[in-house]
Every structure is written in structure tokens, then in C-alpha cells.
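Student: Provided herewith is a single structure, encoded as C-alpha cells, for subsequent inquiry.
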Amino acid sequence: MVESLEPVIEKHPEYRKAKILERIIEPERIILFRVPWMDDQGNVHVNRGFRIEANSAIGPHKGGLRFHASVNLGILKFLAFEQVFKNALTTLPMGGGKGGSDFDPKGKSDNEVMRFCQSFMSELFRHIGPNTDITAGDIGVGGREIGFLFGPYRRLRDEFTGVLTGKGLNWGGSLIRPEATGYGAVYFASEMLATRNETLEGKTCLVSGSGNVAQYTIEKLLDLGGKAMTISDSSGYIYDEEGIDRKKLAYIIELKNVRRGRVKEYADKFNSAVYTAVDPKLDYNPLWNHKADCAFPSATLNEINTKDAQNLLKNGVHVVSEGANMPTTPNGVQVFLDKGILFGPGKAANAGGVAVSGLEMAQNSMRYSWTREEVDDRLRLIMKSIHSACVEAAERFNTPGNYVNGANIAGFLKVADAMMDQGLV
Ligand code: NDP
Ligand code: 2IT
């Protein structure tokens, strides 16, 4: 990130004098707390809760909560930092933040998840608010968890406000929020392809993950004539040579969101599919080693390493749109940039999720709700404008076609200028 900002700092000595970079990498506030809870057998557990309030120069802190065993302060600080620039790109007035816990909801009962969320919010509620810090979902935090978090917030604060986004439709949620990240990543890929007079029609696509982002990436690919061939979870992946159609997608959504099962079951249900379990001895991910045109990494951090990036190129992939946050390692990104393929980094390509969170906040403030079409149209326009902001910034700083530099620079300039305007705080 800092490397791509060097030419910007060269051009703006006032940023250096005001130590904008040094200030921007330091979060405004870090909240760290104990989360004790009781399982169904009466055993007591203690997890750690976090909220990183990274920057609020352009709006209240905004960003998701992640519940996963791998969560630690370092990962969340880095995700909160990324969120600042992603949110700036959306065109909406949102600062950046991220939080979560090392609690793992996998295999827990609904009651256990509820008790954990109640305990988590019984501390977090005093630090957040609709004009201070607005939380949302991420890995391990979906509609169920948002409900279990909103309930105690409403009770403890005795107020009904849009302090969480991704809420249920009949209690303040926005249409298209569940779909937004996946749809946005596909819209971003379409915009990149349009620069080469291509579309997604007939393109074969590798998708990783099987959660919120993966599901709606597959749905939008179907709408636009693309063909998704893969899904995965942390145990293994599915390759379906016939592609995932709407019936199979409905099966995946029921499997993951209702039964909370594993992708392995997909291969038992559909003959055209092959399941491959994760092999920890491999130094590459076999999901990325199939012939395809496009890749939509939609699971997690560092899921495409240098070898995976090389395999993708070897197999014909020339479009990568990151639905996940930082799924490609820095060396993997360099492989794509050296080859000059269409590479959409997460902070631009997956910004549709937080953008529609911003639209949910706007609807909550107005005590009003927009139709599906209205929200989807705004999402499409926002993704288009993020794409052109990246293209324009990359060209202005002499790296045309480099969406990594474009996204970093465009996001940074907006926040840096706001910080300059507001003096030393
Ligand atoms: P979900 O929890 O709904 O799904 C996560 C998926 O990724 C699951 O299939 C999960 O499998 C898999 N996964 C998680 N960790 C690992 C791992 N270590 N190795 C392999 N697979 C793993 O999360 P989302 O779909 O919401 O999030 C996916 C990605 O998108 C994340 O990087 C998130 O930060 C990013 N993102 C999400 C947004 C949103 O609006 N939800 C917005 C922008 C980005 P398993 O069930 O086995 O854990
Ligand atoms: O990484 C992300 O942008 C998210 N998890 C969504 C954040 C949000 O506030 O909707």
C-alpha cells in the first residue's frame, strides 16, 4: 500500500509535513474485551472481543465483525486499515473499522451462538452507535448473528437505530444487502472486461468459498451468462464440470445457511461433481488449477499464493475479481500485475457489500426503504464509479491498467484531504 502511495506523497509534500501516512496507519482507537459465555453443557468459555476504530475523517467508523478461530489483533488491524480506503472508494460518507472475536460459530448450537452474541454485545454496545461506529457481518457473522447482536444492543441502549447493517428485512434491513458483495464483485469484473470489449457471457469461472459472498457471486454470474464451476469450504472443494445452475445454487444456499453443512455433501447429491478434500501437504490450492476464464476468490485471506497465481495464468484465467479481503498474497498479486491481466483488488472489487451497508444506513436515517431495483441500480452505479476512479487514478500516476495502485491512490487521496482539512487530530 505504502509503495503505491510513494508517487502521491512525492507530489504532495504537505502530506509528508502533516505526517498523514504515520497518522493514517495508527488506528484512532482499539477496544479489546473479555467475552465469557456458557455452552449447552454448562461449561464456561472465554473468548476475546475486538473493535478497531481505524479512521473517521470522512464519516463514522464502518466495517464488519468476523467470528473465526484465526481472529487476532494483527489481522483485524490490517482489515480495518483496508476498510478505510475501501469505504472511501464507495463515494459514501463512511470511515473505517473492523472487529470480531476468536469465537468459532462452526458446530455451535443456535442457543450457544445467541449467548455468545449477547455477551459480546453487552460490552461492545457502549462503544458503538449510529453516528459513531456501525458494525456488520463478515466471516462467521451472517443474518443469524446480526439478529442476536441487534437484540441486546436495542435492549441495553433502549433505542432502535441503524447501528448494525445486514439486518432482517422486517426490522430495518435493506433489500440487496445479502447479495451486495457477490453482485458487486461480478459487476466490477464486467466493468474491467468492458475495457477490453468483452463480457461475462459464456465465461467459465472458478469461485472459492460457499458463504455469503460466494453464493451471490454465483447468482450474478448466472444472470450475466457466466458459468461457475467450483465452490469450497475449509475442508475441501467441489468441481462441477456441468457448472452450478440455479437449482444447484438453491441447494448450496440451503446446505450452508439452513443446515449449516459441508460442501462435500454437494458431490453426494450431484453426479457431475467431484469433491477433493484439503491436503495440507500441498503447497498450492487445486481449486485454482482448472481451465477457466475468470476467478472470484470469495473465501478468505491468502488463498491464492504465487504458485496458485501461476496455475491460474497457465489455465487461461485473465480476470480476477477479489470478493474476499486480501485473498491473494502480495507475491501472487505481483504475478498477475506482471502479466497485465484484469486484476480487481478486494478494496475495490468487494466494496459493494459495505456500499449497500451505507445505503441501509441512509434508509434507516430516513425511516424509509427503497425497492430492490432502486438499491441494485445504486449498487451498479457505485461499482461503475469505483471502477472509473481506479482507472483514472492509475492513469494519473503513470500505471495505466493497474487497479491495485488505482484503488490505493483514489481511496487514500479522499481520506488524506479530509484529514488535512480537519487539522491535527
Ligand atoms: P462466510 O462466513 O459466509 O463464508 C466464508 C466461506 O469461506 C466459507 O465457505 C468458509 O468455509 C470459507 N473459509 C473461511 N475461512 C477459511 C479458511 N481459513 N480456509 C478455507 N476456507 C475458509 O463469509 P463471507 O462470505 O461473508 O466472507 C467471505 C470473504 O469475503 C471474507 O474474506 C470476507 O472478509 C469478505 N467480504 C465479505 C463481505 C460481506 O459483506 N459479507 C464484504 C466484503 C468482503 P468454512 O465454513 O469451512 O469456514
Ligand atoms: O469487508 C467488508 O467490507 C465487510 N465485511 C462488510 C462491511 C460492512 O460494514 O458492510
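Since every read-out is calculated from the coordinates, none of them should be taken as a lab result. Source: prediction; values computed, not measured. Cβ: placed from backbone, ideal geometry, glycine included. Neighbour counts: every protein chain shown.
Student: Which residue, G95, G137, G332, tops the fluctuation ranking in a GNM of the chain built on C-alpha contacts under 10 Å?
Tutor: G332
Student: Could you pull the Cα extents of the stretch 287-419 along its three principal axes, largest to smallest, in whole Å?
Tutor: That works out to 51, 33, 22 Å along the principal axes.
Student: Could you please rank S122, S4, S70, placing first whichever residue has the fewest other Cβ atoms within 10 Å of its Cβ?
Tutor: With the sparsest Cβ surroundings first, the list reads S70, S122, S4.
Student: For D39, what is the net charge nearby, where nearby means another residue's Cβ is under 9 Å from its Cβ and Lys, Arg count +1, Asp, Glu -1?
Tutor: Net charge in that neighbourhood comes out at 0.
Student: Determine the principal axes of the Cα atoms in the stretch 136-275, then give the extent along each, sorted from largest to smallest and rounded to whole angstroms.
Tutor: 52, 40, 22
Student: Kindly give Rg over Rh for the chain, based on alpha-carbon atoms, with the Kirkwood expression for the hydrodynamic radius.
Tutor: So for the chain, dividing Rg by the Kirkwood Rh gives 0.95.
Student: I would also like to ask the following. Under a GNM of the chain (C-alpha, springs under 10 Å), which listed residue has the highest mean-square fluctuation: G42, G151, G211?
Tutor: Answer for the Gaussian network model of the chain: G42.
Student: Would you kindly derive the ³J(HN,Hα) couplings of the stretch 5-15 from the backbone phi angles with the Karplus curve 6.51 cos²θ - 1.76 cosθ + 1.60 (θ = phi - 60°), listing them in order in whole Hz, with x for Gly and Pro?
Tutor: Running phi through 6.51 cos²θ - 1.76 cosθ + 1.60 with θ = phi - 60° gives 8, 3, x, 5, 5, 3, 6, 10, x, 5, 5 Hz.
Student: I want to check the label-to-label distance for E22 and V425. Put each point 7 Å from Cα in the C-beta direction and report it in nm to one decimal.
Tutor: 2.1
Student: For R155, R34, which order do you get if you count the other beta carbons within 10 Å of each Cβ and list the fewest first?
Tutor: In order of increasing Cβ crowding within 10 Å: R34, R155.
Student: Then there is this: Placing +1 at every Lys and Arg Cβ and -1 at every Asp and Glu Cβ, with all other atoms neutral, what dipole size does the chain have around its Cα centre, in debye to the nearest 20?
Tutor: Using only the charged Cβ atoms, the result is roughly 560 debye.
Student: Please list, ordered by chain and number, the residues whose modelled amide H lies under 5 Å from the amide H of N55; skip anything fewer than 5 residues away on the same chain.
Tutor: When sequence neighbours closer than 5 places are left aside, the close amide H contacts are E28, G96.
Student: Of the candidates F150, F270, F81, which one comes out as most mobile in a Gaussian network treatment of the chain with C-alpha springs shorter than 10 Å?
Tutor: F270
Student: What is the local net charge at R16, summed over the other residues whose Cβ is closer than 12 Å to its Cβ (Lys, Arg +1; Asp, Glu -1)?
Tutor: Residues close to R16 contribute a combined charge of 0.
Student: What value does the stretch 291-334 have for Rg/Rh, both radii from Cα atoms and Rh as Kirkwood defines it?
Tutor: My calculation of the ratio gives 0.93.
Student: To the nearest Å, what is the center-to-center distance of the stretch 307-369 and the stretch 1-29, using C-alpha atoms only?
Tutor: The stretch 307-369 and the stretch 1-29 have Cα centres spaced 24 Å from each other.
Student: How big is the dipole moment of the stretch 1-41 about its Cα centre under a simple scheme where the beta carbon of each Lys and Arg is +1, that of each Asp and Glu is -1, and everything else is neutral? Debye, nearest 20, please.
Tutor: In total the dipole reaches around 320 debye.
Student: Considering the alpha-carbon set of the stretch 111-200 alone, what are its Rg and its Dmax in angstrom?
Tutor: Both quantities, over Cα of the stretch 111-200: 16.8, 54 Å.
Student: Beyond 12 Å, what share of the Cα-Cα pairs of the stretch 385-425 is found? Please give it as a whole percent.
Tutor: I get 54 percent for the Cα pairs in the stretch 385-425 exceeding 12 Å.
Student: Using only the C-alpha atoms of the stretch 242-341, find the volume of their convex hull and express it per residue in Å³.
Tutor: Spread over its residues, the Cα hull of the stretch 242-341 gives 114 Å³ apiece.
Student: While we're here: Sort 241-251, 412-422 by the packing proxy (mean of other Cβ within 10 Å over each peptide's residues), most packed first.
Tutor: With the highest mean Cβ count within 10 Å placed first, the list reads 412-422, 241-251.
Student: Here's a follow-up. Treat the count of other C-beta atoms within 10 Å as a stand-in for reagent exposure and order C390, C294 from fewest to most.
Tutor: C294, C390
Student: Let me ask something else about it. Among the lysines, which fall within straight-line cross-link reach of K247, defined as a Cα-Cα distance under 18 Å, with same-chain neighbours fewer than 8 residues apart omitted?
Tutor: Result set, ordered by chain and number: K220, K227, K256, K264, K269.
Student: Moving to a separate point now. What list of ³J(HN,Hα) couplings, whole Hz, do you get for the stretch 328-344 from phi and the Karplus terms 6.51, -1.76, 1.60, once you set θ to phi - 60° and write x for glycine and proline?
Tutor: For the stretch 328-344, the Karplus curve yields 9, 5, x, 5, x, 4, 4, 4, 5, 5, 4, 7, x, 7, 7, 10, x Hz.
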